[in-house]
Amino acid sequence: MEHTDSGGKLWFLGAGPGAADLLTVRAARALAAADIVVWGKELMTDALVEEHVRADAERVSWPPAEMADIHAAYDRAAREGLVVARLLWGEPSVYGSVRDEVRAARDRGLDYEIVPGITSLFAAAAALEIELTVAPQSSRPLILSQGRGDPVPVRELARHGGTIALFMIGERAEELQRGLIAGGYEPSARCGIAHRVTWPDEVVLTCRLDELATTVAARGLDRHTLVIVGPAMEDDGPGVSAPS
């Protein structure tokens, strides 16, 4: 936590994968005390805000708000001694842009605190009934990467033979499928797919790696989709199967 002389404070809260009851107790308390709440409507359920935010608190939703609007709320916090809660999807340290948020707080002389949250990876693992570091493969790496960007690094990551979690795969599923197979995963390898996990409309299923692209396309899954492949998915547990 950064300590300053400003009366305002910024809370950077891990919002979890979506479900309102997957906030930590500390995050829920911070939300309840906030004068202004900044949240991502496309990444978080309405229930998360409705259940934890005061009725008289100001709410800044992006979209339609832009970063200029969010920073304007930070400026008001510094001037007026307000408490702002900034909800960051999942766990702030995992693709949560928390480094930029901390810089914005420091630039304004605001106190701030980061509260960890439950990443969608852990929610997906629970839904798929898998152990991400299962023995005896526990010495193999657990790799987190984005589906966006050049698929060549995915091919290189696959060469490690560990479990890979690919966030935000979206329309890149076919390229990622090719890269994973080129990196050494068998076409028949079992993949876990989790889309908007813990939301009312979640999709959680498994398929063969060589069916990944067609499975994603058939369900119309967008960028809010996580794929897990590797030793963690080799368990013979019940899991969830894709429809034929």
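Would you confirm whether any residue within segment 206-222 is under 20 Å from Thr133 (Cβ atoms) and in the same structural domain as Glu131 (by TED's automatic domain parsing)? For segment 206-222, residues under 20 Å from Thr133 (Cβ atoms) and in the same structural domain as Glu131 (by TED's automatic domain parsing): present.
Would you confirm whether or not segment 188-202 contains a residue that is among the hydroxyl-bearing types (Ser, Thr, Tyr) and more than 15 Å from Met233 (Cβ to Cβ)? Yes, segment 188-202 contains a residue that is among the hydroxyl-bearing types (Ser, Thr, Tyr) and more than 15 Å from Met233 (Cβ to Cβ).
Take the residues in segment 96-117 that are part of a strand (DSSP E or B) and aliphatic (A, V, I, L, M); name whichever of them is farthest from Thr24 (Cα to Cα). Show your work before the answer.
Residues of segment 96-117 that are part of a strand (DSSP E or B), as a first pass: 111-115.
With aliphatic (A, V, I, L, M) added as a condition, the list becomes 114-115.
On the way: Ile114: 12, Val115: 8 Å.
Of everything passing the filter in segment 96-117, Ile114 is farthest from Thr24 (Cα to Cα).
One residue stands out in segment 44-75 among those that are of a type in the set (Asp, Glu) and loosely packed, with under 13 Cβ neighbours inside 10 Å: the one that is nearest to Ile118 (Cα to Cα), namely Asp46. Among the conditions (1) surrounded by 14 or more Cβ atoms within 10 Å (Cβ to Cβ); (2) under 19 Å from Ile114 (Cα atoms), Lys41 misses just one, which is (2).
Regarding segment 99-119, can at least one residue be identified that is at pLDDT below 90, over 24 Å from Leu48 (Cβ atoms) and in contact with a helix residue (DSSP H, G or I) (Cβ under 7 Å, 6 or more places away or on another chain)?
Of the residues in segment 99-119, the ones at pLDDT below 90 are none.
No - not one qualifying residue is present in segment 99-119.
If we keep just the residues of segment 76-101 that are out of contact with any Lys or Arg (no Cβ under 8 Å at 6 or more places or on another chain) and of a type in the set (A, V, I, L, M, F, W, C), which is surrounded by the fewest Cβ atoms within 10 Å (Cβ to Cβ)? Looking at residues that are out of contact with any Lys or Arg (no Cβ under 8 Å at 6 or more places or on another chain) and of a type in the set (A, V, I, L, M, F, W, C), I get Val98.
Go through segment 118-234 and tell me which helices (runs of 4 or more DSSP H), entirely inside it, have 2 or more residues that are crowded, with 19+ Cβ neighbours inside 10 Å and touching a residue at least 60 places away in the same chain (Cβ under 8 Å). Spell out the reasoning first.
Working: elements: 120-128, 152-158, 173-182, 212-219.
Qualifying helices (runs of 4 or more DSSP H): 120-128.
Within segment 154-169, can one find any residue that is touching a helix residue (DSSP H, G or I) at 6+ places or on another chain (Cβ under 8 Å) and of a type in the set (Asp, Glu)? Please lay out each step first, then the result.
Looking only at segment 154-169, we keep the residues that are touching a helix residue (DSSP H, G or I) at 6+ places or on another chain (Cβ under 8 Å), and these are 154-155, 158, 161-167, 169.
Add one more test, that the residue is of a type in the set (Asp, Glu), and what stays is none.
No: zero hits.
Within the option set Ala72, Ala85, Ala57, being within 22 Å of the chain's Cα centre (by Cα) and within 19 Å of Gly7 (Cβ to Cβ) holds for one residue only, Ala85.
The values are calculated or read from the model by the stated rules, or taken from the named source; none is laboratory data. Predicted model, so just to flag it, every value in this text is computed and none were measured. Positions of Cβ are generated from backbone atoms using ideal geometry, with glycine treated the same way; all protein chains shown enter the neighbour counts.
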